[in-house]
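Student: Sharing a structure, written as structure tokens. Questions coming.
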Amino acid sequence: MPHAVPYRPLNGHARGFWLVLGLLGLAIAGGLGAAHLMHHEGHIITGMTNQVVWGLPHVFAVFLIVAASGALNVASIGAVFERPLYKPLARLSALLAMALLIGGLSVLVLDLGRPDRLTVAMTHYNFKSIFAWNIFLYTGFLVLVGAYLWAMIDRAGARVYKPAAYGAFVWRLVLTTGTGAIFGFLVARQAYDAAILAPLFIAMSLVYGKAIFVLFLMAVCRASGRPLGGVVLRRLQRLMGIVLGAMLYFVAVHHLTNLYASEHHGIEAFLLRDGGPLTTLFWGGHVLLGGLVPLYLLLAPRLGGNRRALSAAAVLLILGGLTQVYGLIIGGQSAPLVLFPGFEVSSAFADGVVASYVPSPWEVLLGLAGVAIGLVVAVVGCAALPILPADLSDAAIDPDHVADTLDEQDGALAGTT
Amino acid sequence: MSQPARRDVLKSLALGGGLTLIVGPVAHALAPRPPGQPADPATRWALLVDTRACKVDCAACVDACNREMGLKQPTDPDFDPAHDAQYIRKVTLRDPDTGHTTAPPVMCQHCAKPPCVDVCPTGASMQRADHIVQVDKHLCIGCRYCMMACPYKARSFVHQDLTDQKPHNPRGKGCVESCNLCVHRIDRGEPPACVAACQRDGGGAMVFGDLADPNSDLNRRLAEAGGHRIRADLGLDTGVYYQGL
Amino acid sequence: MSAWPQRRRPALALAALLLALALALPVLATPAAAAELFPQVPAAAPGTECLAPPGEMRRTHMDRLTHRRTEAVRAGIRQPAESLTRCLSCHAVTDTHGQVVTAEDPRHFCRECHDFAAVTVDCFSCHASRPEDAPR
């Protein structure tokens, strides 16, 4: 049985609360303004072209959507894998998952060429399209996680607790696979033509989702004066380290298998060696700052339980994650499509040349607004509902000191999720 | 889809001893379709480009397409290569070993299994019964997933407001568009503008015809000299053939 | 409690309505008021007939157009006589210089009623809003 942890909502009258909401509101207003301008003037004012058709908004959207399913992981560990230590955090985990998904979807919708035709998208479905499937996956995710959250908060929902928890767990794996499949189905683009994208996306989701979860948890506990003990943090730190290791492993396998198949040599040479800024982002941003450094911060024994190391790692992972998705989306489009293997090609339509892409300020504003929308949902949710435990000190959540004995089992656990 | 594959058509051609009687779909010559009659599913409109007859510096097809569809010409001073639509383009190919250079036109390849149609969430990307692939712009929400999916870079996105569009080619901001083989002309019984221009002003390199009609000029030429399809390895069964590549 | 029996109330309301209408009628009948209440639809090309009686066209033109466009684009069924371009050639409106106006102009046939009824249609962001051979 989990301990009965008392929950205490954020104080909706605090000045800091309104300050944060005000700042986020500004960010959202900026993004909406940018989106409005984009639709009035057309996408001509963005950095996107007929060669790079998905730009920074998609980077943010995919990052947030992928992170959403990973943010649910803490709740899944608590409910599906019966780890009582995580149970007090399950509500926040579920709320953040919904919030991030809403933020990501908003960006996606606001970037459409014809957002005014959203009703068309809701009334005309092409069931062969993985995009259309994703619309169902996303709404289903919101419904299931919502039910799960309700079951945790309201006694009346206790009956649906288990089914909702399991349903949400399975659904989020499918959802991440579905998001990965958006790229996996693009047979023509050499960068995406790899089966390993599906597990890679799941590993990415765990890393980004956990990083955002930890950062949000630490920030909100600090801001609202809630004790946050080392036990929980240390375990989250290790878990993050392990999933990050898994993700880097998949990244390595992805590129190594591509290097093995000679038809992919061109794209790999481009991404890893000749891609200019993209290559720099890959090695410097994604691998070093977003991979190896946080790996050290998370797993070095002498940094275990070090809050600075943990929060620094989380920040680096978020930035590194954005870099990684940028490389995947922009890199995959910048590399020239091979229509005529073996020929030197040129044309008025950029055949045979690397497409350049420079994001416009509008796209940056729109992407940040997506983050802000997610955060507003999370912050308001924390104020309106009993989401946050009143006390997360070691004494409160682990009175029997079970944490130490469970540490070993964590490794195996991370391997299965 | 009871579309006879090209191989089978060729096989039956060989079996039938050249151009003799073949039992199968009736011949579909290019003729105006009477009002009220839908596109014919027994037809597969297709193109053949003989690159040996296609001069490297000739752009009659591109020129005609842009004029027919109301697009800017790449030679226009205000032409913006990153954003302006190009339904058809000449791709200059140089063989690094021999130095031999050709410049075939590349446009929507009108796949029998079009990836753009598969990925489109609303069904705006569509294949007409006569196998023309096009965008139903009334349903297009501008997500550009089709552009990501197209192996041929055949599609363009309209990046800004337009004025003075051609009545037969409505196009506007926020939607994706591409070569539709000039459906409006085909339905009137005329070949696509690029083909007409190539026959008239160019080298006569382009042939338009019905791939499902064994007696079409297009099929006769293919049976004689064979044809190459771009990225045939992807298995999309494209409807544009090239000779002399 | 009301002084009037319940079932009399509808009859009473009807009577009041009729009275109000009778009082308002002379005002409504002035041309100025009518112009504000009903849009001034520009006349079609003289000597022609619409696809259906005008009253029916007013009610059904949107469904006709939607049906037509689906048939034309998706099934390839052409009906030149019912096409949008044909509507615009019969319903072309010329300005004082004899130029056919585009949908930019509030006098355009498709705009008179729509502006009045606060309906916006996006058709003319793509479709030419006047015949191609119109003087420009």
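The values are calculated or read from the model by the stated rules, or taken from the named source; none is laboratory data. Because the structure is a prediction, the values reported are computed rather than measured. Here the Cβ is made from the backbone with ideal geometry for all residues, glycine too, and neighbour counts use every protein chain on show. Each accessible area value is taken on the protein alone, full model and side chains, heavy atoms only, with ligands, DNA and RNA left out. Shrake-Rupley method; radii C 1.70, N 1.55, O 1.52, S 1.80 Å.
Student: I'd like the mean, over residues of B:102-109, of how many other protein chain beta carbons sit within 10 Å of each residue's own Cβ.
Tutor: 2
Student: When Cβ neighbours within 10 Å are restricted to other protein chains, what is their mean count per residue of peptide A:188-194?
Tutor: What the average comes to for A:188-194 is 2.
Student: When a/c is below 1.5 the answer is rounded, else prolate if a/b is larger than b/c, else oblate, so apply that to segment C:51-90 with a ≥ b ≥ c taken from the square roots of the Cα gyration tensor eigenvalues.
Tutor: Here segment C:51-90 falls in the oblate category.
Student: If the limit is 22 Å between Cα atoms, which of B:K55/B:K166; B:K55/B:K90; B:K72/B:K137; A:K128/B:K90; B:K90/B:K153 go over it?
Tutor: B:K55/B:K166; A:K128/B:K90
Student: A further question follows. Averaged per residue, what accessible area in Å² does segment B:17-154 show with a 1.4 Å probe, protein chains only?
Tutor: So segment B:17-154 comes to 37 Å² accessible per residue, rounded to a whole number.
Student: Dipole magnitude of chain A about its Cα centre, charges +1 at Lys/Arg Cβ and -1 at Asp/Glu Cβ only, in debye to the nearest 20?
Tutor: 1080
Student: What FRET efficiency comes out for the pair C:C123/B:A31, r = Cβ-Cβ distance, R0 = 41 Å, nearest 0.05?
Tutor: So the FRET efficiency works out to roughly 0.85.
Student: For chain A, count the residues as N, evaluate 2.2 N^0.38 Å, and divide the Cα radius of gyration by that value, please.
Tutor: Cα-based Rg divided by the globular estimate yields 0.99.
Student: Give me the distance in nm between label points sitting 7 Å out from Cα along the Cα-to-Cβ direction at A:L118 and A:A384, one decimal.
Tutor: 1.7
Student: Roughly how many nanometres apart are two label points built 7 Å out from the Cα toward the Cβ at B:R200 and C:C113?
Tutor: Between B:R200 and C:C113, the simple spin-label model gives 4.0 nm.
Student: Something else: Kindly give the semi-axes, whole Å and largest first, of the ellipsoid equivalent to segment A:295-410, taking each as the square root of 5 times a Cα gyration tensor eigenvalue.
Tutor: Working from the Cα gyration tensor, I get semi-axes of 46, 22, 12 Å.
Student: Need the list of lysines near A:K87 for cross-linking: C-alpha distance under 27 angstrom, and skip anything on the same chain fewer than eight residues off.
Tutor: A:K87 reaches A:K162, A:K210.
Student: Just to confirm, what accessible area per residue do you get for segment A:1-151 at 1.4 Å probe, in whole Å²?
Tutor: 38
Student: List residues of segment A:22-53, by number, whose backbone nitrogen lies under 11 Å from a label position 7 Å along Cα→C-beta of B:Q160.
Tutor: Label zone hits: A:41-46.
Student: Report the full-extension gain for the segment A:A156 to A:E41: residue separation times 0.36 nm, less the Cα-Cα distance, to one decimal in nm.
Tutor: 36.3 nm
Student: Right, here's the next one. Peptide A:335-344: average number of partner chain Cβ atoms within 10 Å per residue?
Tutor: Across the residues of A:335-344, the mean count of other-chain Cβ atoms within 10 Å is 5.
Student: Per DSSP H run of at least 4 residues, take -39500 (n - 2.57); add these up for chain B, divide by its residues and hand me the 222 nm value, nearest 500 deg cm²/dmol.
Tutor: One gets -5500 deg cm²/dmol as the mean residue ellipticity at 222 nm.
Student: Need the per-residue list for segment A:17-65: every residue with at least 40 Å² less accessible surface in the complex of protein chains than in the chain by itself, probe 1.4 Å, sorted by number.
Tutor: Output list: A:H43, A:I44, A:T49, A:N50, A:V53, A:W54.
Student: Let me ask another. Let a ≥ b ≥ c be the square roots of the eigenvalues of the Cα gyration tensor of segment B:33-243; is it rounded (a/c under 1.5), or, if not, prolate (a/b larger than b/c) or oblate?
Tutor: Cα axes put segment B:33-243 in the rounded bin.
Student: I'd like the carbon and sulfur percentage of the solvent accessible area for the protein assembly as shown, probe radius 1.4 Å, heavy atoms only, ligands and nucleic acids excluded.
Tutor: Carbon and sulfur: 64 percent of the exposed surface of the protein assembly as shown.
Student: Something else now. How big, in percent, is the set of alpha carbon pairs in segment A:103-214 lying more than 24 Å apart?
Tutor: So the pairs more than 24 Å apart make up 38 percent of the total in segment A:103-214.
Student: Summing both sides, how much accessible area is buried between A and B? Use a 1.4 Å probe and give Å² to the nearest 100.
Tutor: 4600
Student: Would you list the P(r) distribution for the protein assembly as shown, with all Cα-Cα distances sorted into 10 Å bins from 0 and each bin expressed as a whole %?
Tutor: 2, 12, 19, 20, 16, 14, 10, 5, 2, 0, 0
Student: While we're here: Between A:H265 and B:R94, what is the spin-label point distance in nm, taking each point 7 Å from the Cα along the Cα→C-beta axis?
Tutor: Distance between the two pseudo-spin positions: 2.2 nm.
Student: Can you figure out the FRET efficiency of B:E190 with A:R273, using R₀ = 45 Å and their beta-carbon distance, to the nearest 0.05?
Tutor: Computed FRET efficiency for B:E190 and A:R273: 0.35.
Student: Quick one: if the Förster radius is 22 Å, what FRET efficiency do A:K128 and C:Q79 give, using the C-beta to C-beta distance and rounding to 0.05?
Tutor: 0.15
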